[in-house]
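Novice: The following block contains the structure, expressed as structure tokens.
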Amino acid sequence: MKPFAYRRVCLLLLAFCMTLLLAGCATTTTNLPPEEPAMRQLSDIDDEYVARVDDPWEGFNRSMYKFNYNFDKYVFLPVVNSYEFIAPTFVQTGVSNFFNNIGEIRTLYNSLFQFKGQKALTTVGRFLTNSTIGIAGLFDPATGFGLMRQDEDFGQTLGYYGVGTGPYLVMPILGPGTVRSTSGFAVDSGVHFAITSALDLPQYVENGDSIQTGMTVLKTIDNRHQQPFRYYESDYPFEYYMVRFLYRQKREMAVMK
């Protein structure tokens, strides 16, 4: 692609992201979380196993859970719903494939840290296949070739080396986590920042910093688009505790894979 054409595509992408943000604030959407129900307390739960999760900061975590619900309802989901309304399905799929392909790098180095050779080889195969035949990751032919997507992060790497899960922790916007998973997320984010800073891609295009900001916005929108969870849709009066338990179990199972 010629440099002029490339710049036009990038600028159009940035404009598209900004349009989504404005549309999300102005559009009345339908697929929003329901009104917040009255949440029951731990003393009302009969299932001791579900309740048995280390949560010493429950007051803070419940506040963050409510904050995330409101942020989802009034900011995040209106933007995501606008994106899903404006962008054709094949565009949404291409955007998800693109960012998932970049995410293979995280899976690769964490697989190597855990000496999971087969996962590392599969991840390399996926990245090379989708980056070439899949046109920079916009398509996912690797899955069709039997190279299934893997998932490893630094939180799982810490678990592999015996680091305990730690207390439950609900982060603003990011949602449910633990001290271990949140620490892992910080490390993975730092590695991503280091790689992008070393490549210094904005220097190669006009308005590179603005384009990079637009890509970050689009990635954030796509992350929420790919996450089907919606706050308070379970109609379960103990949803906070249910999510806490299920998240903890999911992370422990991921470490054992």
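The values are calculated or read from the model by the stated rules, or taken from the named source; none is laboratory data. As the structure is a prediction and not an experimental result, all values here were calculated from the model. When we count neighbours, we look across all protein chains shown, and the Cβ atoms used for this are built from the backbone with ideal geometry, even at glycine. Remember, those area values only see protein heavy atoms, side chains included, never the ligands or the DNA or RNA. Shrake-Rupley method; radii C 1.70, N 1.55, O 1.52, S 1.80 Å.
Novice: What residue, among those in the stretch 80-101 that are without any contact (Cβ under 8 Å) to a residue 40 or more places away in the chain and open to solvent by 60 Å² or more (accessible area, probe 1.4 Å), is nearest to LEU138 (Cα to Cα)?
Specialist: THR93
Novice: Among the residues of the stretch 159-172, which ones are closer than 20 Å to ARG224 by Cβ, of a type outside the set (Val, Ile, Thr), touching a Gly at 6+ places or on another chain (Cβ under 9 Å) and not in a strand (DSSP E or B)?
Specialist: LEU169
Novice: Among the residues in the stretch 113-129, are any aromatic (Phe, Trp, Tyr), assigned to a helix (DSSP H, G or I) and buried (at least 20 other Cβ atoms within 10 Å of the Cβ)?
Specialist: Yes: one or more hits.
Novice: Out of curiosity, is VAL170 among the β-branched types (Val, Ile, Thr) and open to solvent by 30 Å² or more (accessible area, probe 1.4 Å)?
Specialist: no
Novice: Identify all residues within the stretch 131-140 that are open to solvent by 30 Å² or more (accessible area, probe 1.4 Å) and modelled with pLDDT of 95 or more; write none if there are none.
Specialist: SER131, THR132, ILE133, ILE135, LEU138, PHE139, ASP140
Novice: Just the residues that are outside any helix (DSSP H, G or I) and open to solvent by less than 50 Å² (accessible area, probe 1.4 Å), please, taken from the stretch 173-200.
Specialist: If the condition is that a residue be outside any helix (DSSP H, G or I) and open to solvent by less than 50 Å² (accessible area, probe 1.4 Å), then GLY175, PRO176, GLY177, THR178 are the ones that fit.
Novice: Quick check: anything in the stretch 74-81 outside any helix (DSSP H, G or I) and at pLDDT 95 or above?
Specialist: So far as the stretch 74-81 goes, no, none of its residues is outside any helix (DSSP H, G or I) and at pLDDT 95 or above.
Novice: Taking VAL255 as the residue in question, decide whether it is outside any loop (DSSP other than H, G, I, E, B) and hydrophobic (A, V, I, L, M, F, W, C).
Specialist: yes
Novice: Report the residue count in the stretch 216-257 for those that are among the hydrophobic types (A, V, I, L, M, F, W, C), surrounded by 15 or more Cβ atoms within 10 Å (Cβ to Cβ) and farther than 25 Å from SER96 by Cβ.
Specialist: Summing the residues that are among the hydrophobic types (A, V, I, L, M, F, W, C), surrounded by 15 or more Cβ atoms within 10 Å (Cβ to Cβ) and farther than 25 Å from SER96 by Cβ in the stretch 216-257 gives 4.
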